[in-house]
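Following: one structure in structure tokens, then a few remarks.
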Amino acid sequence: MRGWRWQGSVGPFRTGVGMLLLGLSLAQSVPPQGACPEAAAPQSLTQPQYYKDTTSQDTGFMKAVVQSFLHTVQPNPFPEDLILKLVHEFSPSKVESNQEVLREVLVYQVGFLVCIAIGIVYIILMPIVGFFFACCRCCGKCGGKMYQKQTSSIHCRRRTLYWSAFVTTVIILAGNICMFRSNEALNVSVGQSTEELNKTIDNLHTFLTAVPEQINSVVNESEKTVQEVTKNLDDIGPQLGAQFQERFRGTVDQALHSIKLLDQETQNTSVGLKKLNSSLVELQSSMDSIQARVNVVRDEINQTLSDPKCTDCDTMKPELQQLAVDISITSPNLSEFESAVDEVIKTNLTSKIKEVENYYNRISQKVTNDTKDVVQSSKQQLEEIKTQISKVASDIPLSVLTNASDFLNQVQTELRNITPHVETAEHIRWGVSIALCCIVLLVVVCNVLGLLFGPVGLKPKSDPTKRSCTADCGGTFFMIGAGFSFLFCWLLMIVVILLFLVGGNTYTLVCQPWDNGKLLKFIDTPGLIPGLDISENIGVESNITLSGIYSDCERNQPLWSTLHLSELINLGDLLNVSKYTEEIEQQFENTDITLPDFTFLTPEDKNQLSSFSTKAKNVDFNSVTQQMNNISSINLNTTADELDKLADTQTNDDTQKGLRNEANDLRQIQIDIETTIFPKLEKLNSTIQSLQFITEKINGTVGEVLSNVGAAQDFLNTNMTQIVKTESRKFLDCQLSYFIAYADWANVTITQQVGRCGPVAGAVDSVEIILCSQMVESLNAFWFSLGWCILFFIPSIIFSIKLAKYYRKMKYADVYEDRIIMNHIPRAQMKMT
């Protein structure tokens, strides 16, 4: 397999320094990257937004009473066996079998049959009783005679009858109010049912549509993973090369810092040496000029002192000898040191480092070129991985969901078509129910008016034939209420029986088993509904039932566990990318990525640096310092002072004047020395001290360079091969980890998040609430309230008829006075009656 090698003719020293500086330069130009850059997190699976369930679960104000009555009427459990017999055994050709089944049905419905029988008796008897009662009234019987016998207990009886009629009327009124309320509740339920059913169907449609979208979303995430890995493979040169360099930085940085410091000190030493030489030349030139002037003044003084007119001038001869001292300064022997510095500078490290940087910057491209084949092969494997993962969408039986969605669309269309008819029928039903309520209310109004007008217009001690019109109206209203009761009660009972059969059986056979879960379990009975075998339709071996689906969906479980799709789809095999990644891994293993060995410093380079350090240590600036001290000790003012003293002793004016002039010349020279020579001496001294400081550090810097470079060389020689293998393996593992992370995420998402079927259970609950908790409960409350009212019509009729005679105006008087009955009815009339 291919490898890449570093080649070139760059000198060992240049190569070493270039490699050292390369680490820092790359670190500054390329942002550091982690061993495995974190891939973009898979997008969280978006759950669809559903309409909130606004159906009220308030099952009615009369739920407990009605259900208690229905449980009494029908205490038998849900007749699963009986319904199965009706489905499978009932046939027109099987007379005996049909009779047996019908017998069992009648036995099961015996409670309803008893209630129906009672209702039929009521329907038959009440019109008959009313007819005979009317006939008797017309014949003057049954209270038809307008005569009331007066007794001592008549007032007590009247009050008793009054309060009995009052209580009965209140009970009927309460039932009538319940009729109005239940009728309105049923009307509201029917009115809202269409909208709520549409919302429920929309939720189911959203759920069925969202499942394929969620599956496709999971599959599409694999494409992102493939793109991420493909991008990294295309960028393998910069990424992998940067990782190699990052691992080298730890040891290279210290050596790099030492080399840069040594280079800086070498440059500073070269500048200091040049500055030293320049200062020495400049100082020597100034010193030569001063020395010339001193020689001139010395000759003049010697001439003056040799003049015969000068007295006692021999004493100045020793002072004059001091002016003859040579004040020149000689340069120290720095040629060898300067030569060593020049040798280091001649390498021109800056330009050489740039050349090496440019060379190493092409490593990434070289890596890219050398791994071209394995990258291309890996990309092909990635495409196969993507193709394999895309099979998840095709293997999941989404056609079932599509068919269900189409069915829901048809249901919704049919629902829209029948909605106007339902609204029309509901309007008619509501009107009929209001009419029934008003009939009952009419009886209640008649009773209330009788209870109101009767006592208001009655004077208990008045003659029955002289009762007021108000009291008579009260009695008349009682009779009207009784007449309406006889007239309509049997018709109302027919309505009660019909609604009782529909509502009662719907509750006991549908709503109650639906609520306790028996209905779904019954529907799960094999063969009951053809084509309902969910397991067969999906293609799984487990027995999937509607009750099981509802139970799982009630807990908002995903479709994977609800439909046992693990039996149909081997998700682990579909998401198993190891068979492809193993091939990629093998190709990378066979690719020999080898970095060339290199040497930071050759033995010659080390000897050169050691010699440079030794020569720097041997540099001696003491001779120059001593000469500088000698120059700084020159003081011509002392000789000048002696000349002034000598001039004071002279008698010859010319001699005196000459000595004073020569003394002034010496003082002027001294001033020039202090203003010209001494600053240059200080500058020279500063340069020497700087050079001494640098040369003293050079030894330590060279030692540090040799130590750090040796450590870096040992590290690279020992660990380079292992680093290359480790980083290459990390890069490969990084790419493969993306697929492992995706496979884990996809597995968890598909098995735990895709198709959470809570809306399915919500739809079932919503339909149950609309049908049972609202419609059926309201319907049952209506017929129960109506039956309640017409049952109390019987005592209402009795109490109204009996009480009416206490308020109506009698034609014949019967006065009860001191326990003696005074009968004012004429005998002739008595005989007629």
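The values are calculated or read from the model by the stated rules, or taken from the named source; none is laboratory data. Please read all numbers here as calculations on a predicted model, not as lab measurements. Neighbour counts run over all protein chains shown; Cβ positions are idealised from the backbone, glycine included. SASA here: full protein model, heavy atoms, side chains in, ligands and nucleic acids out. Shrake-Rupley method; radii C 1.70, N 1.55, O 1.52, S 1.80 Å.
Each residue of the range 534-539 was assigned a 3J(HN,Hα) from its phi angle through the Karplus curve 6.51 cos²θ - 1.76 cosθ + 1.60 (θ = phi - 60°); the sequence is 5, 4, 5, 5, 7, x Hz, with glycine and proline shown as x. Accessible surface of the range 618-691, 1.4 Å probe: 42 percent of it comes from carbon and sulfur atoms. The stretch between Lys459 and Asp314 holds 34.0 nm of extra length on full extension. This uses 0.36 nm per residue minus the Cα-Cα distance. Taken along the Cα-to-beta-carbon direction at a fixed 7 Å, the label points for Cys156 and Ile120 span 4.5 nm.
For the range 664-679, the Karplus equation 6.51 cos²θ - 1.76 cosθ + 1.60, evaluated at θ = phi - 60°, returns couplings of 5, 4, 5, 5, 5, 4, 4, 5, 5, 4, 5, 8, 10, 7, 4, x Hz by residue, with Gly and Pro reported as x.
Listed cross-link partners Lys231/Lys379; Lys199/Lys518; Lys231/Lys386 are compared with a 18 Å cut-off, the Cα-Cα value being larger for Lys199/Lys518. Figure legend: label point modelled 7 angstrom from the Cα of Leu84 along Cα→Cβ; residues of the range 513-536 with amide N under 16 Å from it are 518-530. A DSSP coil position with no more than 16 other Cβ atoms inside 10 Å describes the following trypsin sites (Lys or Arg not before Pro) in the range 416-511: Lys461.
Each residue of the range 433-446 was assigned a 3J(HN,Hα) from its phi angle through the Karplus expression (A = 6.51, B = -1.76, C = 1.60, θ = phi - 60°), giving 5, 5, 4, 4, 4, 5, 4, 5, 5, 4, 4, 5, 4, 4 Hz with x at Gly and Pro.
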